[in-house]
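Below you'll find the structure, written out as structure tokens, and then a few comments.
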Amino acid sequence: MKKKIISIILIIIVLQYFCTFVFADNSLINEITNSVTNEVDLQEQKEQVESKIEETNTKLEYVQDELSATMLKVQETEDKIMGYENEIEALGEKMDTLQASIDETNQKLEIASQNYEEKSDLLARRLVAMYEAGDTQYLDILLKSKSVTDFISKYYIIQEVAEYDSILINQIVEEKNNIETTKQKLENEQAEIKIIKSRSERTSIVLSNMRTLQQSYIKELSAGEKKLQEQITKYKKEQAEIERQILLATNSIDPDIQYTGGEMLWPVAISETVITSGYGVREHPIQGVVKEHTGIDIGNAPLGTPVVAAADGVVSYAGWLGGYGNCVMINHGNGVVTLYGHGNKILTSVNTEVKQGDTIMEVGSTGNSTGPHLHFEVRVNGNYTNPLGFVKVP
């Protein structure tokens, strides 16, 4: 009996030890597993953060789901504000153009009126002189002439006077018509400038109210959101300024060369280049904001690789252009313009006529760039288009 009790106690001790070992072992395994899982999670988080940083450095973008309701309101009002600012600027430019035309029209009207008065006065004096002299008969001229030669000479003089009077009358009629046309143009331009001025004033009031509304939203943002808002605003303004400069460069030169179609030359002058980022446009859910890649990025081209003109044309821009870095634009006529960005060194200048294949730049990594490559765009009448519709990948 005593032995049986001792045996039971020993079995219990062994089982207890075994169970303790098993549980301890499971606990240790769980701890190790959790540790490994945590390291994996941290690594993933690190990679996500690094990816986010790289994406932000490449191009600052914002997505609707990532912003608070207040931030969305700020962005919506800001997009509208920029739209109203652009509208007011465009209206101002139109008013300046109209005012210049009005000034020119007034000057033409003054000159035409002066010519009309002078010619009318001259005709009046001619008519008075003819009335006082009475009708001149060819018989009187013949009788008073000393010879046949004298008669012919006087006859031609009378004819020339009559023709001069006829020309003078026609000129007076023409001047009168010019005055009427010029007056009508002046009235139309003055009426149009009044409408534009009124519209500009109304838009300015709306703009002021929109800015006040935006400021009220901004006050509700956190410190972090305010900092992000400043970055977004800066990015938008930079993009708007770049687009303005591109538009100016596009319209500044009207080349004699006219692009009539055909395949353009691949703009990087080495073999085995690849497209590292394709063309694409994505509409952003917030009005007025788009996330887009307006051209193609051509990689596998070392720093300093020659960049060549894709087609004949005239250089309309050569210099620094914001995120594009060192940039060259070529106007090919018929509204077709090519753009070459991130250059290491520019090898051409504005107004230079280039032929297809001429070296214009070196591949670089200037501006918003993470490494040597060429950003290549084709624009038609100022609008982005897929470059692969013009060039073929070699």
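Bear in mind that the values in this text are calculations on the coordinates, not laboratory data. Bear in mind the structure is a predicted one, so any value in this text is a computation, not a measurement. Ideal geometry is used to build each Cβ from the backbone, glycine not excepted, and the neighbour counts take in all protein chains shown.
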Burial ordering of 314, 380, 393, fewest other beta-carbon atoms within 10 Å first: 393, 380, 314
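Considering Cα pairs under 8 angstrom that are at least six residues apart, work out the relative contact order of the range 333-394 and quote it in whole percent. Intermediate results must be reported in sequence, preceding the final value.
On the way: 86 pairs, mean separation 24.0, N = 62.
Answer for the range 333-394 is 39 percent.
Calculated FRET efficiency, residue 111 and residue 203, Cβ-Cβ r, R0 35 Å, to nearest 0.05? Walk me through the numbers before you get to the answer.
Numbers: r = 37 Å, r/R0 = 1.06.
Efficiency at R0 = 35 Å is approximately 0.40.
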Paramagnetic reach from residue 257 in the range 347-367 [backbone N under 11 Å; point 7 Å along Cα→Cβ]: 352-359
Entries in 73/237; 355/392; 73/236; 94/185; 197/237 that, when Cα-Cα distance is taken, lie over 20 Å: 197/237
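Within a Cβ distance under 15 Å of residue 331, other residues only, what is the Lys/Arg minus Asp/Glu net charge? Mind showing how you got there, number by number?
Values: positive: 355, 379; negative: 254, 256, 312, 353, 358, 377.
Local net charge: -4.
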For the range 256-388, alpha-carbon Rg over 2.2 N^0.38 Å: 1.00
